[in-house]
Amino acid sequence: MSAMNRRDFLRRTGGLIAGSALPLSLIELAFADEQQNFTFAYISDSHIQHIKGKDFVRNWDRGLIRTVGEANLMDPRPDFVMYGGDLAQLGTKAELDHGLELMSALRHDKVHYVMGEHDYYLDLGEYWERQLGPQWYSFDHKGVHFVVLNSVLTYDEWTHNRWSSGEERMAVMAGLDNPSGSPFMVGEKQRDWLRDDLSMIAKTTPVVVFSHSPLQKIFKNWNFWTEDAEQVQVLLKPFDKVTVFYGHVHQIQYNQIGNISFHSAMATAWAWPYPETYAQVDSLLPKLTVEMNRADPFFERDATGWQFVDVWSGNATLHYSLTENQPRTVAFNPKTGRPEDTVYQNDRIPPQQHF
Amino acid sequence: MSRLSRVRQAAWLILAIVPVVGAADPFTKQDLSDWQSAYDQVVTAGRDAFTDPKLGNNGVVCAQCHPNAANTHPETYPKFQKQLGRVAVMWEMINWCIRNPLEGKDLQPDDPRMIALQAYITQERRGVALAPGKH
Amino acid sequence: MVRDDPDYQPRFKEVFGVSGDAITIEHVKQAIAAFERTLISGDSPFDRWYFGRDRKAMSEAAIRGFKVYMEQGRCVSCHTIAEDHALFTDNRFNNLNVGFERIAGRLPKLTAAFEKSKRAGGNVDVAVLSNANLSELGRYAVNDQWRSMGAFKTPTLRNVARTAPYMHDGSLKTLKDVVSFYSKGGRVKDKDPINAYQSSGIRPLGLSDKQQADLVAFLEALTSPAYAKSK
């Protein structure tokens, strides 16, 4: 029996996050099959950055500390926690250790980690793997099949053949807008693994995929992009309900492509501009996405945060907890067959502009 | 011949010798290319400062939050800047960022790095219409 | 609550001639408005110096303190100043790390119990005003949003030199203490813990003793003569 019963769900949506309650029709639907409903916390992009000795950038530390503090107040507790990648800024042992130490303050036992490029390109994920396990894997939870991918791989020639050191490679990939970077990809080996993994799952099983970069193409300049996104989407196409979660973009994005719902995670560290704010290159930001406002840098946490996700009948509702902003909720709407902001979708407010 | 007409005659002679097009345009192609190259060098220096962990004191760089200098909107200055409590120009806000997220020390307004930062930021925003005061 | 308060009962009787259920929100509004009229001030040394361009209106120390206020002290971002007027507040709510340590260690249990009693119809006003632990929940007690945990409203700084003690719980006695508290990033002592929910506008400022003294001199220049006389 689910740890979260119907009353708890109503409490959480109606009470804790005031102003973002689901429409009643959606709640009714949500409990068509109560056993498959549960909640997990989703934290991403903390970019713990080492200065020297015992000093880390305070701003990013505070973001993760804040998020862990908020996640610890979830009542009832989530079934598990997902970490969406980029725990570290430059992939060092010091940064990963310090990030994991801050994460260890969570009251919740089980955390699943996703690899980000900032965790990966120093030593190609070696230390991360030693601490956290395989770079890609799957697990099942209450009738839902979860898949975690490493989507930040790139061409072997780029990874192996042009750097004097791992530090140099990491520094280039850490620059989001560095023209010497390289597009992210899942790669053939992992796609083969995914095909095998999914072959054992019934097509009616809800599938949830986690990657660090979006498994859809939004903006190549900043790697809001996965080079083989379409090839991964093809593998997910036969399933009735698929939801893809990704980090990396440090902003709210959501989209629907065929049977696949896409949702991004907020960063705990800092906010990124939406791609259309770079006037020199066109972007493909999904029209469906209602953007966030620009950040006021005085409040270091402005336009940052984390989210918890209700999974109901194989669909997802994201509750964004935003440290310095109004909370937002993006939920799958069965009537329109796509994720929608429960408040702002059709009534976009003027300050939600970027320029 | 009067003095005046001698001057007139001399003027005619000069006009006949110097090509008209050259006289009206003091900029040569060489000038333009030199000045462009001077500007480009400063833009490059600006990009270097924008990604330099030593600009501030904590290793954080401008580009971390502003990829391609996005969301710096140089076209909106001067404008009221809440963090400064008054209408400010862009270099003042750059110093605010150096003092705060970068935990560093102000640059002088005529510091070559401050000028280069503004050149780079504005170059990345080229083509966008001026919108002073906009929020 | 006003109707039942033994201190308010005779005062409302005296001023409005009402008691018990006859006390309405209109009476309370009038009382607050009368109080607010005593606060109107716009002729402090700062106003004469900044908006009136009277260069002699503020001391040298206060003028240096104003620079700290605007720059390294980061004061102006919450205690706002505009081009033509200054309210010295942005009306937002922030957790400064004042008094929160009392509940930080047992917060999950406390909020769970609080939410439970709220859903059962418990009176939030009574709870936060009569229970010292619950009062530290701040704005969260009202809006149930984690972002408001332990957050209290930014007050104006006008006449601040005359309104000791300071902070939402009166725990700091002097402006010198307050300035030192902010300079340490929301700490009375250097090694005090900082709670997870502290406002992201607060961080260590590293102000020198002289800068702190100058800042206090500036804050003292926000007292309006009329207010000073009335006290």
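The values are calculated or read from the model by the stated rules, or taken from the named source; none is laboratory data. Being a predicted model, the structure only gives us computed values, none of them experimental. As a convention, Cβ positions derive from the backbone with ideal geometry for all residues, glycine included, and neighbour counts pool all protein chains shown. These accessible areas exclude ligands, DNA and RNA; they are computed on the full protein's heavy atoms, side chains included. Shrake-Rupley method; radii C 1.70, N 1.55, O 1.52, S 1.80 Å.
Residues of the stretch C:40-64 that are within 14 Å of chain B (Cβ to nearest Cβ) and either open to solvent by less than 20 Å² (accessible area, probe 1.4 Å) or outside any loop (DSSP other than H, G, I, E, B) (or both): C:PHE46, C:TYR50. Considering every residue within the stretch A:25-48, establish whether at least one is in contact with a Lys or Arg (Cβ under 7 Å, 6 or more places away or on another chain), within 12 Å of another protein chain (Cβ to nearest Cβ), buried (at least 17 other Cβ atoms within 10 Å of the Cβ) and modelled with pLDDT under 95. Looking through the stretch A:25-48, none of the residues is in contact with a Lys or Arg (Cβ under 7 Å, 6 or more places away or on another chain), within 12 Å of another protein chain (Cβ to nearest Cβ), buried (at least 17 other Cβ atoms within 10 Å of the Cβ) and modelled with pLDDT under 95. When B:ASP110 is tested against (1) open to solvent by 40 Å² or more (accessible area, probe 1.4 Å); (2) of a type in the set (D, E, K, R); (3) within 14 Å of another protein chain (Cβ to nearest Cβ), just one condition goes unmet, and that condition is (3).
Every condition in (1) more than 14 Å from every other protein chain (Cβ to nearest Cβ); (2) assigned to a loop (DSSP other than H, G, I, E, B); (3) of a type outside the set (Phe, Trp, Tyr) is met by A:PRO297 except one, and the failing one is (1). For the stretch C:75-134, filtering for residues that are hydroxyl-bearing (Ser, Thr, Tyr) and within 14 Å of chain B (Cβ to nearest Cβ) leaves 3. Across the stretch B:71-84, the number of residues qualifying as of a type in the set (Ser, Thr, Tyr) and either open to solvent by less than 10 Å² (accessible area, probe 1.4 Å) or at the interface with another protein chain (Cβ under 7 Å from one of its Cβ atoms) (or both) comes to 1. Considering only residues that are open to solvent by less than 30 Å² (accessible area, probe 1.4 Å) and in contact (Cβ under 8 Å) with a residue 24 or more places away in the chain, which ones fall in the stretch A:121-149? Hits for the stretch A:121-149 are A:TYR121, A:GLY125, A:TYR127, A:TRP128, A:VAL144, A:HIS145, A:PHE146, A:VAL147, A:VAL148, A:LEU149. Residues that are among the hydrophobic types (A, V, I, L, M, F, W, C), more than 8 Å from chain A (Cβ to nearest Cβ) and open to solvent by less than 50 Å² (accessible area, probe 1.4 Å) within the stretch C:190-213 comprise C:ILE194, C:ILE202, C:LEU205, C:LEU207, listed in sequence order. Quick one: is A:ASP97 among the acidic types (Asp, Glu), out of contact with any helix residue (DSSP H, G or I) (no Cβ under 7 Å at 6 or more places or on another chain) and not in a loop (DSSP other than H, G, I, E, B)? In short, yes.
I'm trying to understand the selection: among the residues of the stretch C:79-88, which are within 23 Å of C:GLN212 (Cβ to Cβ), in contact with a Lys or Arg (Cβ under 9 Å, 6 or more places away or on another chain) and open to solvent by 20 Å² or more (accessible area, probe 1.4 Å)? The one that is within 23 Å of C:GLN212 (Cβ to Cβ), in contact with a Lys or Arg (Cβ under 9 Å, 6 or more places away or on another chain) and open to solvent by 20 Å² or more (accessible area, probe 1.4 Å): C:THR80.
Residues that are crowded, with 23+ Cβ neighbours inside 10 Å, part of a strand (DSSP E or B) and more than 14 Å from chain C (Cβ to nearest Cβ): does the stretch A:267-276 have at least one? Checking the stretch A:267-276: not a single residue is crowded, with 23+ Cβ neighbours inside 10 Å, part of a strand (DSSP E or B) and more than 14 Å from chain C (Cβ to nearest Cβ). Just wondering, is there one or more residues in the stretch C:29-36 that are among the basic types (Lys, Arg) and outside the structural domain of C:GLN211 (by TED's automatic domain parsing)? Among the residues of the stretch C:29-36, at least one is among the basic types (Lys, Arg) and outside the structural domain of C:GLN211 (by TED's automatic domain parsing), which makes the answer yes.
A:PHE239 satisfies every condition listed in (1) assigned to a loop (DSSP other than H, G, I, E, B); (2) open to solvent by 30 Å² or more (accessible area, probe 1.4 Å) except (2).
Being within 14 Å of chain A (Cβ to nearest Cβ), among the hydroxyl-bearing types (Ser, Thr, Tyr) and open to solvent by less than 50 Å² (accessible area, probe 1.4 Å) is a description that does not apply to C:TYR166. Among the residues of the stretch B:34-70, those identified as open to solvent by less than 30 Å² (accessible area, probe 1.4 Å), at the interface with chain A (Cβ under 10 Å from one of its Cβ atoms) and more than 19 Å from B:GLN108 (Cβ to Cβ) are B:ASN58, B:GLY59, B:VAL60, B:VAL61, B:ALA63, B:GLN64, B:PRO67, B:ASN68, B:ALA69, B:ALA70. Kindly evaluate A:THR243 against the criterion of being of a type in the set (Ser, Thr, Tyr), out of contact with any strand residue (DSSP E or B) (no Cβ under 7 Å at 6 or more places or on another chain) and under 24 Å from A:VAL311 (Cα atoms). Taking the combined requirement at face value, the residue does not satisfy it.
Listed here are the helices (runs of 4 or more DSSP H) enclosed by the stretch C:123-231 that have at least 1 residues being among the basic types (Lys, Arg): C:175-183, C:209-220, C:225-230.
Can you pull out the residues in the stretch A:50-88 that are under 23 Å from A:TYR127 (Cα atoms), touching a helix residue (DSSP H, G or I) at 6+ places or on another chain (Cβ under 8 Å) and open to solvent by 10 Å² or more (accessible area, probe 1.4 Å)? Of everything in the stretch A:50-88, those that are under 23 Å from A:TYR127 (Cα atoms), touching a helix residue (DSSP H, G or I) at 6+ places or on another chain (Cβ under 8 Å) and open to solvent by 10 Å² or more (accessible area, probe 1.4 Å) turn out to be A:HIS50, A:PHE56, A:ASP61, A:ILE65.
Sort out which residues of the stretch A:104-120 are among the hydrophobic types (A, V, I, L, M, F, W, C) and surrounded by 24 or more Cβ atoms within 10 Å (Cβ to Cβ), and write them in order of number.
A:VAL114, A:MET115
Among the residues of the stretch B:85-107, just one is of a type in the set (S, T, N, Q) and either touching a strand residue (DSSP E or B) at 6+ places or on another chain (Cβ under 9 Å) or facing another protein chain (nearest Cβ under 7 Å) (or both), namely B:ASN100.
Within the stretch A:294-319, track down each residue that is under 30 Å from B:VAL128 (Cβ atoms) and within 19 Å of the chain's Cα centre (by Cα). A:ARG301, A:ASP302, A:ALA303, A:THR304, A:GLY305, listed by residue number. Of the set (1) closer than 14 Å to C:SER199 by Cα; (2) in contact with a helix residue (DSSP H, G or I) (Cβ under 9 Å, 6 or more places away or on another chain), all apply to C:ASN94 but (2). Elements of the type helices (runs of 4 or more DSSP H) sitting completely within the stretch B:7-107 and holding at least 1 residues that are modelled with pLDDT of 95 or more and under 15 Å from the mean Cα position of the chain (by Cα): these cover B:29-50, B:90-99. Comparison of A:GLU157, A:GLU101 shows that the only residue that is farther than 26 Å from A:ARG58 by Cα and open to solvent by 10 Å² or more (accessible area, probe 1.4 Å) is A:GLU157.
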